[in-house]
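Notes follow the structure.
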Amino acid sequence: MKFETVFLDRDGVINAKAAEGDYVKSWDEFRLLPGAAAAIGLLTAAGRRVIVVTNQRGIARGRFTEARLAEIHAGMRRELAVYSGRLDAIYHCPHDRGQCSCRKPATGMLEQARFEHPGLDLSRSVLVGDSLSDLECGAAAGCQVILVGSGQRTAEIASQARQQGISLLAVCDSLIQVVAAHVLQSPAPLAA
């Protein structure tokens, strides 16, 4: 299947996650993961629509502001542009749990993207994430889902997803692996 739209979670897929219980609160704390910018550049070159969907509960908890998040995302766009990568949109949920219909695993951000991007077909889309809520969101919206990560935590998430009847297209170590092996179906591994 050719995926027309690639939805990406941010923390843990594009950039390194903050320590457990903390948040990426400023551009100084933002660190691209190896190969992530190159992967988004490849998606852009291949004509795929790339949309970030990210829960940002730190706003609701007063740890950073909408303005600070906008600065982080502007910096992320600049870094991706170095690799000819482009994001068609970034959607974020600033709410705490149970306060909205946009916080993943709810599908509100994907529905908003579908509304704002005429012709976006969720059934011809893939959501790439590193958490169970990402996978639940993508599956509930009718997307294919790919889990990114490694180690025991990732194995546990994959197991929980399968127990819930969520069919994983793949489990990959990194976004560059996702793009090379499952989105663009490149026959050879790409350098990070």
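The values are calculated or read from the model by the stated rules, or taken from the named source; none is laboratory data. If you're wondering where the values come from, they're calculated on a predicted model, not measured in any experiment. Ideal geometry is used to build each Cβ from the backbone, glycine not excepted, and the neighbour counts take in all protein chains shown. The area values use the complete protein model at the heavy-atom level, side chains included, leaving out ligands, DNA and RNA. Shrake-Rupley method; radii C 1.70, N 1.55, O 1.52, S 1.80 Å.
Here are some notes:
- Straight-line reach from K17: taking Cα to Cα under 25 Å and skipping same-chain neighbours fewer than 8 places apart, the lysines in range are K25, K104.
- Highest-MSF residue in the chain out of H92, H182, H117 [GNM, Cα springs under 10 Å]: H117
- Relative contact order (%) - the chain, alpha-carbon pairs under 8 angstrom, separation at least six: 24 percent
- Accessible area expressed per residue, the chain, with surrounding protein chains retained (probe 1.4 Å, Å²): 46 Å²
- Cα-centred dipole magnitude for segment 1-46, charges only on beta-carbon of K, R (+1) and D, E (-1), debye, nearest 20: 180 debye
- Surface share of carbon and sulfur [accessible, 1.4 angstrom probe, percent] for the chain: 49 percent
- If only the Cβ of Lys and Arg carry +1 and only the Cβ of Asp and Glu carry -1, the dipole of the chain around its Cα centre is close to 120 debye.
- Whole-Å distance, taken between Cα centres, linking segment 151-173 and segment 87-121: 22 Å
- Helical contribution to [θ] at 222 nm, DSSP H n ≥ 4, -39,500 (n - 2.57), averaged over the chain, rounded to 500: -10000 deg cm²/dmol
- Here the spin labels are modelled as points 7 Å beyond Cα on the Cα-Cβ line, and at D96 and R162 they lie 3.6 nm apart.
- On the beta carbon distance between A60 and S123, with R0 = 45 Å, the FRET formula returns roughly 0.90.
- Dipole of the chain, positive end: most advanced residue of V179, S84, L33 [Cβ charges, Cα centre]: S84
- Cα gyration tensor shape for the chain, rounded if a/c is under 1.5, else prolate or oblate: rounded
- Placing +1 on the Cβ of every Lys and Arg and -1 on the Cβ of every Asp and Glu, with nothing else charged, gives segment 43-98 a dipole about its Cα centre of roughly 100 debye.
- Positive minus negative residues near P94 (Lys, Arg vs Asp, Glu; Cβ under 12 Å): +3
- Bridge orientation summary for segment 13-154: considering DSSP beta bridges with both residues in this region, about 10 percent are antiparallel.
- Among V52, V82, V24: highest mean-square fluctuation, GNM of the chain, C-alpha pairs under 10 Å: V82
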